[in-house]
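Reviewing the structure listed below.
The values are calculated or read from the model by the stated rules, or taken from the named source; none is laboratory data. As the structure is a computational prediction, the values presented were derived from the model and not from experiment. FYI the Cβ positions are ideal-geometry reconstructions off the backbone, even for glycines, and counts take in every protein chain you see.
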Amino acid sequence: MENEEFKNSDENAENLDEKALKIEKEKRELLSKVLSGNLETKHDRVGFLLNNHSAARNSDIELAWIYWKTFEPELFNGVSVTKEELKKLTKINSLTRSRARIQNDYKLFEADDSVKKHRGVLAEEMREEAIEEKPEGLKMYHVYIDETGKTQEFLSIGSLWIVDGFAAFQANRRIQEWMEINKIGYEFHFSEVNKHRLETYKEFFFKYLKKNPTIGFKTIIIDKKGINDISGAITDLTFHLLNKGIIHENKTGRAPLPRLLQVWLDADEKGSDQLKIENIKERIASQKINGLYLGDFSAVDSRKNIDIQAVDLFTAAINRRIHNPNSVGKVKDELADYILSLLNFDLTKIDLTNTKTDKSAIFNLSYNE
């Protein structure tokens, strides 16, 4: 009898493991599609809207309204809907099922705690705690982060700041169309540029800037001399980049608070990525920045993700020039100079003697025609 119980227990555990793996696989696939703008299905489109519209996370009516307006404009004018049009539009309960799968199973783009409590999906230990109320219709910071220089003299963290997710989606779709027309099947990674692809790389980065006028780049650089814990230094620098970046966006009025912060890191190693993400998120939360709310922080694959590829080019261009300041005539030199000239980045302003992560300067860059 005991053996039978153990057998059943093992089978249940195995089934749970298989279910968890299936959910994790679906989650990664959805994130890849949402962040690349490759929205093939209704499920993908719901994920995209949850990522970019905080109101859709909290209300299925709001989700349906934005979905119809965005993806079914031929049936819905965004003001009113007739009974016949309503019959043709994607059903609200179908959108609700996708939303529930994404929020409850994948734990992505989750609703506010007050809404989760109402829906009955808030964790039991949190039900009696004070619940933070967020403003309705929060705008967002979407920040993509890449790092370079772990084995070199200087460590650099680069970031791309998107403050209008839907405008960025439209821009990326146009860039993807350009890639399809020109039969460009490869990713844009600085390390893989060669003389045959140099002009295409330049055109890609120029198009990315031209079609995304509201984006900005930020970087933080440090001399690694005396730093033994490189992983810890990367976490520290990423925190300072985000913290100081938020302050800059708010103070300058470029993207003022209140906002929801979404952070996407170029995936490296699953275990170390998750630890780094949790540490960064905890440190940002501890700053208690008035008007800042934390959303999803996750490591994502660069494949088909134009935003991650753009920040890779930016970060690697800086890395190339600070480690090879006098190099000329090589393909990577030409690409680095081109990228940095578009952003009007003066490398002489960098204090390369700085070895203190909390004292490192943030450089805020954007493209101006």
Okay, helices (runs of 4 or more DSSP H) sitting entirely in the range 36-129 with 2 or more residues that are under 30 Å from R174 (Cβ atoms) and of a type in the set (G, A, S), I get 54-58, 92-100
Hits in the range 278-299 (condition: in contact with a Ser or Thr (Cβ under 7 Å, 6 or more places away or on another chain) and either aliphatic (A, V, I, L, M) or outside the structural domain of Y186 (by TED's automatic domain parsing) (or both)): I280
For the range 1-38, name all the residues that are loosely packed, with under 15 Cβ neighbours inside 10 Å, closer than 28 Å to D301 by Cα and either of a type in the set (V, I, T) or at pLDDT below 85 (or both). E14, N15, L16, D17, I23
Condition set hydroxyl-bearing (S, T, Y) and under 26 Å from the mean Cα position of the chain (by Cα), scope the range 52-95, selection nearest to K116 (Cα to Cα): answer is S59
Within the set of pairs 6+ apart or on separate chains, which have a first residue in the range 244-257 that is more than 12 Å from M140 (Cα to Cα), a second that is modelled with pLDDT under 95 and not acidic (D, E), and C-beta atoms under 6 Å apart? K244/I362; H248/N364
Do we find a residue being buried (at least 21 other Cβ atoms within 10 Å of the Cβ), at pLDDT below 95 and within 27 Å of R303 (Cβ to Cβ) anywhere in the range 185-193? no
Complete set of residues in the range 308-336 that are surrounded by fewer than 17 Cβ atoms within 10 Å (Cβ to Cβ) and closer than 25 Å to L265 by Cα: H323
